[in-house]
């Protein structure tokens with residue numbers, strides 16, 4: 001399910017994994033006692049409003065109506081530490097954004113509802129030709145080429161599978177989901193035709209039908225892990241990187257001379273590293289053509305531009321409080337402490353502080369696989385008989401019953417105090433607002449919580465990734481494939497995306513396997529919700545709210561902007577008069 005906190009977004013799952021703390025928010029903290037009733041009343045109304053939001057809000061125009069030429073200027077939070085998105089250090093939402101015009105994921109076209117179909121520019125056909133064992137037969141477009149002009153072949157897919165299967169731990173992959181179920185990929189009629197045979201059925205097989213990178217990138221652990229730290233992986237799309245200014249933080253793209261499809265309308269795409277605090281002014285001054293709007297202040301600034309267009313859709317980003325169960329001197333290892341946190345934090349107030357100023361509805365999230373409004377969504381906490389409603393008295397009783405007694409103004413048990421910190425990235429207002437609300441709520445029941453502010457560029461690399469924190473708050477970005485993409489955040493405990501240190505592997509294993517293998521949609525959905533209920537019982541990731549996509553664009557920009565699912569066709573993105 002994730003979009004912005006400081007930079008690293010873990011797009012949940014197979015396709016992408018990335019999270020960043022959602023950059024959003026304005027407004028100070030509100031006392032839970034004063035806000036709970038009002039927020040609850042508003043939530044019902046805003047949930048109805050959210051249901052009415054579109055899935056795609058960009059202005060549409062036919063290809064022939066788009067002007068030839070022009071440049072599109074987009075801000076990113078940072079350049080990648082590794083350009084290989086398949087490698088653990090490459091799981092950066094900004095990298096996903098940058099690589100989109102380069103054809104990353106373009107073999108599938110998602111419509112407004114999120115339904116996928118194959119893109120004939122890349123794949124002629126892909127179908128399940130056997131169910132026992134599951135075999136998928138694919139035929140690539142023989143005209144498709146990598147940036148250097150070499151053909152995209154089945155050999156590239158074979159090499160990628162071997163690197164990402166998890167069989168060789170020397171390949172430091174971000175996710176093995178799906179690839180670890182592949183028994184064999186073999187070439188059949190020619191170099192463009194092949195079969196993918198699975199050891200166990202894989203329901204989201206359509207996500208693994210085309211290589212992301214050529215075999216040179218995946219041939220050896222050395223190439224895979226470090227070969228693309230400072231240079232881009234080859235393009236397979238209508239645009240390719242012309243230059244990377246690492247010092248200035250600018251990536252310039254131009255038309256890919258070896259692109260075989262219809263010619264793109266834009267001449268250049270420029271990605272510039274712009275801080276969250278500077279991006280609104282850059283957009284308002286006409287220095288950027290697109291602006292992700294994550295808080296009320298940014299929205300207000302965006303509206304000062306004379307030729308702006310504000311677009312709002314339903315989103316896939318959900319924010320949360322992630323708890324390191326080995327943090328705070330062991331106090332956070334007590335599930336009753338974590339349950340008390342879940343009951344003490346006024347999630348409505350957190351959402352109001354961050355989303356309210358966006359003039360958009362607040363939608364709380366109570367499921368770890370599906371987003372509100374997605375088919376299959378149910379309240380996992382309520383299904384466990386422990387609805388996570390704000391209740392300060394209930395939280396205090398949980399701690400009292402568990403032996404965490406007040407000693408002065410801080411609760412203590414067996415010499416361990418409830419003293420801990422929420423680590424936040426500098427210059428990220430929404431993250432700070434969420435953390436401050438949590439801090440105030442917890443300190444009101446006998447915790448001693450402080451905020452630990454770290455440099456934005458060190459937030460994930462030095463704190464979240466190595467699990468050097470007590471608590472953090474950022475966001476996960478969902479996908480159109482929520483089951484296969486949502487598992488790695490919670491299972492296994494050793495997953496690169498699992499930051500909690502809570503081992504629920506024995507409880508989750510059966511359901512995780514069924515989520516990955518079950519071809520019956522209803523049974524798969526049932527397993528997904530059982531998985532989510534088990535995660536909920538651990539109280540180690542407290543979900544907050546779903547954030548709508550709000551994007552400011554320069555008037556005249558068409559076929560690009562705010563979208564929940566729909567893929568942008570980069571040959572058709574551009575400007576009208």
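Please work out which residue is nearest to residue 102 (Cα to Cα), limiting yourself to region 131-141 and to residues that are at pLDDT 95 or above and in a strand (DSSP E or B).
Filtering first and then ranking leaves 140.
Could you check region 470-490 and list, in sequence order, the residues that are surrounded by fewer than 24 Cβ atoms within 10 Å (Cβ to Cβ) and at pLDDT 95 or above?
Scanning region 470-490 gives a single hit, 470.
Taking residue 443, is it surrounded by fewer than 17 Cβ atoms within 10 Å (Cβ to Cβ) and more than 23 Å from residue 88 (Cα to Cα)?
yes
For residue 96, only one of the following conditions fails: (1) outside any helix (DSSP H, G or I); (2) buried (at least 21 other Cβ atoms within 10 Å of the Cβ); (3) in contact with a strand residue (DSSP E or B) (Cβ under 8 Å, 6 or more places away or on another chain). What is its number?
For residue 96, the exception is condition (1).
Restricting attention to region 505-537, report how many residues are within 22 Å of the chain's Cα centre (by Cα) and under 19 Å from residue 332 (Cα atoms).
3
Is it the case that some residue within region 142-152 is without any contact (Cβ under 8 Å) to a residue 60 or more places away in the chain, outside the structural domain of residue 253 (by TED's automatic domain parsing), loosely packed, with under 15 Cβ neighbours inside 10 Å and assigned to a loop (DSSP other than H, G, I, E, B)?
no
State whether the residues of region 312-320 include one that is surrounded by 21 or more Cβ atoms within 10 Å (Cβ to Cβ), closer than 30 Å to residue 539 by Cβ, at pLDDT 95 or above and in contact with a strand residue (DSSP E or B) (Cβ under 8 Å, 6 or more places away or on another chain).
The answer is yes; a qualifying residue exists.
With surrounded by 15 or more Cβ atoms within 10 Å (Cβ to Cβ), under 26 Å from the mean Cα position of the chain (by Cα), at pLDDT 95 or above and not in a helix (DSSP H, G or I) as the only criterion, which of 104, 25 stands out? Give the steps one after another, and end with the answer.
Values: 25 fails: at pLDDT 95 or above.
Every option except 104 fails the conditions.
Any idea which of (1) under 30 Å from residue 265 (Cα atoms); (2) surrounded by 22 or more Cβ atoms within 10 Å (Cβ to Cβ); (3) in contact with a helix residue (DSSP H, G or I) (Cβ under 7 Å, 6 or more places away or on another chain) is the one residue 576 doesn't satisfy?
(2)
Among the residues of region 497-528, what is the count of those that are buried (at least 18 other Cβ atoms within 10 Å of the Cβ), under 30 Å from residue 470 (Cα atoms), touching a residue at least 12 places away in the same chain (Cβ under 8 Å) and touching a helix residue (DSSP H, G or I) at 6+ places or on another chain (Cβ under 7 Å)?
Looking only at region 497-528, we keep the residues that are buried (at least 18 other Cβ atoms within 10 Å of the Cβ), and these are 497-500, 502, 504, 508, 511-512, 514-516, 518, 524-525, 527-528.
Restricting the remaining residues to those that are under 30 Å from residue 470 (Cα atoms) gives 497-500, 502, 504, 508, 511-512, 528.
Adding the requirement that they be touching a residue at least 12 places away in the same chain (Cβ under 8 Å) leaves 497, 499-500, 502, 504, 508, 511-512, 528.
Okay, now just the ones that are also touching a helix residue (DSSP H, G or I) at 6+ places or on another chain (Cβ under 7 Å), so 497, 499, 502, 504, 508, 511-512, 528.
Residues that pass the stated criteria total 8.
Report, by residue number, each residue of region 301-337 that is in a helix (DSSP H, G or I) and in the same structural domain as residue 350 (by TED's automatic domain parsing).
328, 329, 330, 331, 332, 333, 335, 336, 337
Would you call residue 166 buried (at least 21 other Cβ atoms within 10 Å of the Cβ), in contact with a helix residue (DSSP H, G or I) (Cβ under 8 Å, 6 or more places away or on another chain) and free of Cβ contacts under 8 Å to residues at least 60 places away in the same chain?
It is false that residue 166 is buried (at least 21 other Cβ atoms within 10 Å of the Cβ), in contact with a helix residue (DSSP H, G or I) (Cβ under 8 Å, 6 or more places away or on another chain) and free of Cβ contacts under 8 Å to residues at least 60 places away in the same chain.
The values are calculated or read from the model by the stated rules, or taken from the named source; none is laboratory data. Every value quoted in this text rests on a predicted model; they were computed, and no experiment measured them. Quick reminder, even Gly has a Cβ in these numbers, built from the backbone with ideal geometry, and neighbours come from all protein chains shown.
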